[in-house]
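In what follows, a single structure is set out as structure tokens and then discussed.
Just so you know, all these numbers are worked out from the coordinates, no wet-lab data involved. Nothing here was measured: the structure is a model prediction, and the numbers come from that model. Backbone-built Cβ (ideal geometry, glycine too); neighbour counts: all protein chains shown.
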Amino acid sequence: MATSTPPAAPDPMPAPEPAPAADRMPKTVKVMAVVISVLSGMVAAPVAFLLTRHYGGAPLTGIGASASGFLGAAGFVAWIEEKLHLL
């Protein structure tokens, strides 16, 4: 009596998908993206300081605004670069 072979079960581990483009991005592009983010913050910091002092803020308030401007601008640019898959 001939025995029939049962149908093959589906593979429980499917083949891995190719890596997204960000994983294949050259290291120099990622470094340049971070540098652009930091430079954007460095431009925003003195602008925030000068605007705060221009409108009558104390020197310590200007320094606080400068720090907030740096963090805000650098973080925002880094967030945009992440959404563009540069980081």
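Below, the figures for the structure above:
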| quantity | calculated |
| --- | --- |
| Ranked by how many other beta carbons lie within 10 Å on average, peptides 69-79, 28-38 from highest | 69-79, 28-38 |
| Percent RCO, i.e. relative contact order, over the chain, from Cα pairs under 8 Å lying at least 6 residues apart | 36 |
| Which label in (i) 5.1; (ii) 9.2; (iii) 6.8 gives the computed mean projected area of the Cα convex hull in nm² | (ii) |
| For Leu84, Leu50, order by how many other beta-carbon atoms lie within 10 Å, fewest first | Leu84, Leu50 |
